[in-house]
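See structure below.
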Amino acid sequence: MTSIIQPETFIPQAQGVESAIPIWLKLDWSPEIEQGIYKDWGTYYSRRRRENLGMYYFDKALKLAPADFTTLYRRSQSKRKNALTESALKDSLEAKRLLTNLQRSDAPINLEVCDALYELNQLENSMAELYNNTRLFIGNKSKMFDHRLVVVEENIEDSCGPSMTQFISENEKLIVQLKEELNKYKEDTRPLWKILKEQEKCDVLSIPEIEDEMLSPLEIARRSRAFDVFNQMFIDRSWHDVIFLKHVRKNPNLLLDQCKNSNEYLKTLTMKKYDEIKHFLKMLEARSPMYNIRYQKFTNKKLMDKFRQEYLYRVQYQTSRNMKTALRSIKYLRNNKNLMKLSSYVEEVMGDYVVRKTNRIMPWKFEFLNEVYNTLALAYVDQYTVPKNFRFAEKNALLRLLRFPFPMDKTLEAQHFVFGDRSTHQEIPVDPAMSKSRQILNRYEHRMIFAKYPIEKSYLLHQIASTHLESNRFDECCFSARKSIEEAKNCNSYIWQFLSNLLIIKASAALHKVERTSEALVKAVEIADKLKNKDILNYLNACITCNEEEFVVKKQSIFANSGRRDSKNSVRSSQSLQQSE
């Protein structure tokens with residue numbers, strides 16, 4: 001009786017590095033069998049949504065058999081699932097070409113070409129391809145193309161039907177403007193130095209500078225709202241997930257720098273999935289645009305106009321109520337003399353809410369701006385009063401009268417760097433107060449770019465000057481205050497001229513520049529005469545008195561120093577005479 005031969009007796013045991021190699025790789029497969037294995041594995045993984053592995057095995061199969069149209073067809077299907085439609089179209093066209101060379105035709109491959117064109121939003125080309133295939137095939141094969149043809153024709157009707165006519169008639173001016181903007185960015189094949197020469201720009205290294213796009217707060221709000229509405233229309237309640245995926249791409253809580261392996265993987269994964277969603281949303285938008293959805297909701301134009309008008313009235317009414325509430329809060333804070341909270345509340349209302357309202361929603365916007373900024377200016381003026389039992393002759397009396405923070409914090413002064421002096425180039429630890437002031441300045445400067453009215457510009461420049469003053473940057477403070485005065489003159493606002501002049505007085509007094517302070521006080525008195533307020537005039541007279549006292553003290557100290565210098569010189573001269581004798 002013969003014994004059964006076990007596999008271990010004829011397959012040698014792997015040792016060392018060979019133990020890591022699978023046994024099936026050691027078998028001498030023919031290229032046809034190996035290509036079929038890779039093709040089946042690619043199909044298996046792509047059906048289970050493991051696209052990376054599916055693509056990997058499809059690529060290996062095509063390396064062994066580049067002319068296999070079945071592998072190209074399956075890889076095209078897998079790519080379309082990942083929104084790689086352009087690459088999928090190339091694969092399907094290549095598979096169709098290989099079949100044509102063999103003088104054959106395959107309905108699923110031709111249908112794949114039509115679907116790829118359809119998902120690329122080339123509806124006309126897809127429709128022409130479908131018509132050609134309906135003539136090429138008969139029977140059940142032709143029905144597949146007929147069903148697709150019905151869908152494509154309906155999509156073209158939605159995109160180019162009466163809804164498009166109505167949309168163009170309502171937005172004709174905007175479309176012309178966008179057309180002009182697109183013509184500017186047409187691809188120019190000329191060398192870069194010729195393009196820059198026409199624009200009178202310098203071309204040193206032929207590397208164009210990438211300019212940041214400056215968007216107004218209103219435009220940012222418009223784009224954000226349009227993005228939300230677009231997602232709500234096409235994916236309904238899942239639009240929150242799109243917003244989450246958009247923000248999670250740059251979320252430091254997910255993309256931790258300490259996690260070296262997962263960081264790059266998660267970053268690539270989130271970017272890839274977000275791009276896929278954007279591609280699919282563009283497909284949906286091309287098949288049934290937003291203007292068509294609105295047209296289907298309101299087939300009656302008069303009814304739609306009525307609905308929009310009623311919605312506009314509701315928004316205007318709610319905005320009016322919000323503005324009245326804000327005015328009541330501002331006046332309440334002024335009466336309670338809570339200046340710090342008032343200034344922060346005004347900045348929040350004007351910088352985050354009002355700036356996003358159009359003149360259509362808020363027709364009284366200019367009047368509201370004047371009311372708010374004038375109320376804030378009056379609240380600033382109310383704090384400048386002469387305290388009871390104030391001593392004009394005491395040290396730094398003018399700074400105390402101006403409510404200047406005394407003594408000054410020397411750590412907040414800006415350090416001047418000297419070229420060649422290494423001690424001035426040492427790294428200084430970042431002060432939280434300085435970084436906060438820098439953030440405040442950036443906010444005001446960004447608002448300044450899009451400010452329209454002089455009174456708003458005067459307020460912003462006054463706030464910039466005040467921030468510089470708090471950081472002991474006196475030259476920058478005076479510069480911004482003078483610009484604020486010029487803007488206040490453009491709108492005939494005496495009160496903002498007075499407040500900006502006060503900032504110059506504070507900066508000059510902090511530097512103990514008596515003559516410059518005196519000149520600024522004279523200008524402030526001229527403005528106060530136009531305001532016709534006795535309290536302000538009394539306050540300025542007290543400031544002038546303090547400045548004169550400081551001038552007298554400074555003059556006496558100069559005379560005392562000169563007297564000591566003369567006495568020292570006389571002693572030295574007498575000693576030199578005695579030595580000579």
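Taken together, the values in this text are just the output of simple stated rules run on the coordinates, not laboratory data. In this text the structure is predicted, and so the values were computed from the model without any measurement. Neighbour counts run over all protein chains shown; Cβ positions are idealised from the backbone, glycine included.
Numerical summary
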{"read-out": "Relative contact order (percent, whole number), the stretch 20-163, Cα cutoff 8 Å, 6+ residue spacing", "value": "14"}
{"read-out": "P(r) histogram, all alpha-carbon pairs of the stretch 216-297 included - 10 Å bins from 0, percent", "value": "16, 38, 30, 13, 3, 0"}
{"read-out": "Per-residue HN-Hα couplings for the stretch 67-84 [Karplus 6.51, -1.76, 1.60; θ = phi - 60°; Hz; x = Gly/Pro]", "value": "9, 8, 6, 5, 5, 4, 5, 5, 5, 4, 4, 5, 5, 5, 5, 9, 6, 9"}
{"read-out": "Relative contact order [Cα under 8 Å, 6+ residues apart], the stretch 216-297, whole percent", "value": "28"}
{"read-out": "Pairs beyond 23 Å (Cα-Cα), from LYS267/LYS436; LYS184/LYS365; LYS81/LYS273; LYS365/LYS534; LYS184/LYS457; LYS331/LYS506", "value": "LYS267/LYS436; LYS184/LYS365; LYS365/LYS534; LYS184/LYS457; LYS331/LYS506"}
{"read-out": "Sum of side-chain charges, PHE69 neighbourhood, beta-carbon under 14 Å (Lys, Arg +1; Asp, Glu -1)", "value": "+2"}
{"read-out": "Backbone HN-Hα couplings from phi across the stretch 170-177 [Karplus 6.51/-1.76/1.60, Hz, Gly and Pro as x]", "value": "7, 10, 5, 5, 5, 5, 5, 5"}
{"read-out": "³J(HN,Hα) computed for each position of the stretch 238-246 - Karplus, 6.51 cos²θ - 1.76 cosθ + 1.60, integer Hz, glycine/proline x", "value": "7, 5, 5, 5, 5, 4, 4, 5, 5"}
{"read-out": "C-alpha center-to-center spacing [the stretch 334-366, the stretch 77-105] in angstrom", "value": "60"}
{"read-out": "Normalised per residue, the volume of the convex hull around the Cα set of the stretch 301-382 (Å³)", "value": "72"}
{"read-out": "In the stretch 119-204, chymotrypsin sites (Phe, Trp or Tyr not before Pro) in a DSSP loop with at most 11 other beta-carbon atoms within 10 Å", "value": "TYR185"}
{"read-out": "Estimated inter-spin distance, ASN263 and PHE392, nm [label 7 Å along Cα→Cβ]", "value": "6.6"}
{"read-out": "Sparse-neighbourhood loop sites, trypsin sites (Lys or Arg not before Pro) in the stretch 113-188 - DSSP loop, at most 12 other Cβ within 10 angstrom", "value": "LYS186"}
